[in-house]
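The values are calculated or read from the model by the stated rules, or taken from the named source; none is laboratory data. Just so it is clear, the structure is predicted and the values come from calculations on it, not from any experiment. So basically every Cβ, Gly included, is an ideal-geometry build from the backbone, and we count neighbours across all protein chains shown. In case anyone asks, the SASA skips ligands and DNA or RNA and just uses the protein heavy atoms, side chains included. Shrake-Rupley method; radii C 1.70, N 1.55, O 1.52, S 1.80 Å.
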Amino acid sequence: MGKMVLLTGGAGYIGSHTCLELLNAGFDVVVADNYSNSSPEALRRVRALTCRNFPVYEIDVSCRAALEEIFKKHEIGAVIHFAGLKAVGESMEKPLAYYRNNLDSTLSLLECMKAQGVNKLVFSSSATVYADSEVEKKTEDLPTGCINPYGWTKYMIEQILRDVAAVEPDWSVALLRYFNPVGAHESGCIGEDPSGIPNNLMPRVLQNARGLLPVLGVFGDDYPTHDGTCVRDYIHVVDLAKGHVAALEYLKKHRGCEAINLGTGVGYSVLDILNSFERANGVSLNYEIQGRRPGDAAACYADPGKAAALLGWKAEKSLDDMCRDAWRWQCYNPEGYASGIEAWYKAQDTESEEKDLEEK
Ligand code: NAD
Ligand code: UFG
C-alpha cells in the first residue's frame, strides 16, 4: 500500500468533497476532525459514494500527542490542512478563539510533520489575504493584508509556511487561495451544512428558496460593477476538490512554497447568482436591495493562470451547475446531514420513479 494523505478538517464542506475526489483518484486517506463545524455523517456518505473505507479520528489537531498517534499508526506521505474556524463575523467577535484554534492547530501539525519527516503540505488559504486594492483580478504576486482576524490567521499561517519552507529544503508546500466555493457533489449526497444562521450568499439563497429566510438582502447596488452589485469568483466545490488532487501531484515533483489561486477567473455579481439560481432550478427568490455590508470589496476574482501552468488544473463547471447542485443537495437533505442518509435514498428513489414515468 502506498503512503496515505492525512486530511485535517476532512469532515467539513471542502474536506469531504476532496476526500471523495482523492479516493476516486486512487489515493488512500486518513481524516482527523473534531467535528466543531461538521458531522461524522459527511464521511459515512463519502464511504457510501466511493464504496471505500478509510480511518477517521475524532481529535483536535491542536493536540500534538493525538496527532502523533495518527502519524505513528499510519504511513503518512502528505497532509492537506483544512482544519480551521472560518466565519469572518464570528472572528471579529471572538478573535482569540480564532487565533488560538487556527494557529495552534497549524503549529502542532507542522511540529508533528517535522518530527515524523513528512514534508508535503497543502494549506487551505483564501482570497481574503489579498489586500483591498483597485486591482480586481488577483494574481498571486499582489500585496497581501487583511481586515479581520479570520483573514489574519490565513495571512500569518502563509507566512509561517514560507518561513518553514525556506529553511527546510525538502519541504513542498502549496498555499491554495480559494475564491468563493459553492455547490455540492452532483449526487446530492454531500454538501455544505452550515450550523446556525449562514452569512454567505449561497446558503442564504438556499434558505430563501425554502422559505426559511423570508427576504434575501442584496447588500448594495451602487458598486462600480456591471449591475451595481458586488462581483465574486464563485467556484464549484468539486472543481475546487480536484484542484487539491492536482496540487498533491505537483508536490510530488517540486520543492519550495507556492501560493496558487483556485478560482474560475470569471466574476459574477450577486444578481447574476440570483438570476442563474432561479433559471437553473425553476424557483423564484424573494430579494430586496439593501445597504452595503461593511468590508465588502466591489469586485474580486482570480487570475487562474498559475494553477493552469503549475498544476495543469482549471475549473470546468458552470454557474448553472453550481446553482443546480446546491439546490439538489438542499432538496434531498432538507435538514442537512441531520436528515439522515435515508432522506437521500428516498429522494433518489422518487427521482428514478419520476424518470421511469416520464419515459413511459
Ligand atoms: P468547514 O468548517 O466545513 O471545515 C473545517 C473543518 O475543520 C470542520 O470539519 C471542523 O470541524 C474542522 N476543525 C476546525 N478546527 C479544528 C481543530 N482544531 N481540530 C480538528 N478539526 C478542526 O470549512 P470549509 O468551508 O470546508 O473550509 C475548509 C478550509 O478552507 C478552512 O480552513 C477555511 O478557512 C478555508 N476556506 C474556506 C472558504 C469557504 O468559503 N468555504 C474560503 C476560503 C478558505
Ligand atoms: N451577499 C449579499 N447578501 C447576503 C450575503 C452575501 O448580497 O445575504 C453578497 C456580499 O455582499 C458579497 C457576496 O454576496 O458581495 C458574496 O458574499 P459571501 O459572504 O458569500 O462571500 P465573501 O466574498 O464576502 O467572502 C468569502 C468567504 C470568506 C473568504 C472570502 C475570500 O466567506 O471566508 O470569500 O474571498 F475570506
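Rolling a 1.4 Å sphere over the protein heavy atoms, what is the accessible area per residue of segment 196-306, to the nearest Å²?
42 Å²
Within segment 281-360, what whole-number % of the accessible surface is contributed by carbon and sulfur, with the 1.4 Å probe and all protein chains included in the calculation?
Percent of accessible area from carbon and sulfur atoms in segment 281-360: 48.
I want to verify a result. In a Gaussian network model of the chain, Cα cutoff 10 Å, which of these has the top mean-square fluctuation: ARG177, ARG279, ARG324?
In the Gaussian network model the winner is ARG279.
Find the accessible area per residue for segment 1-84; the probe is 1.4 Å, ligands and nucleic acids are left out, and the unit is Å².
38 Å²
Using alpha carbon centroids, what distance separates segment 305-359 and segment 63-106, in Å?
29 Å
In the chain, which whole DSSP H runs stretch at least 24 Å along their own axis (Cα) and average 0.0 or higher on the Kyte-Doolittle scale?
149-167, 237-253
Accessible area of segment 135-249 with a 1.4 Å probe: how many percent of it is carbon plus sulfur?
C and S fraction of accessible area: 53 percent.
Going from most exposed to least, what order do VAL283, VAL237 have by accessible area with a 1.4 Å probe?
VAL283, VAL237
Out of the total accessible area of segment 1-133 (probe 1.4 Å, heavy atoms of protein only), what percent is carbon and sulfur?
Carbon and sulfur together cover 51 percent of it.
Largest first, how would LEU213, LEU274 line up by accessible area (1.4 Å probe)?
LEU213, LEU274
Order of 4-13, 226-235, 344-353, 246-255 by packing, highest average Cβ count within 10 Å first?
Ranked by mean Cβ neighbours within 10 Å, highest first: 4-13, 226-235, 246-255, 344-353.
What Kirkwood hydrodynamic radius do you get for segment 1-79 when you take the inverse of the mean 1/r over all pairs of distinct Cα atoms, in Å?
For segment 1-79, the Kirkwood estimate is 12.4 Å.
Under a 10 Å cutoff between Cα atoms, tell me which one of LEU285, LEU43, LEU240 has the largest fluctuation in the Gaussian network model of the chain.
Result: LEU285 has the largest fluctuation of those listed.
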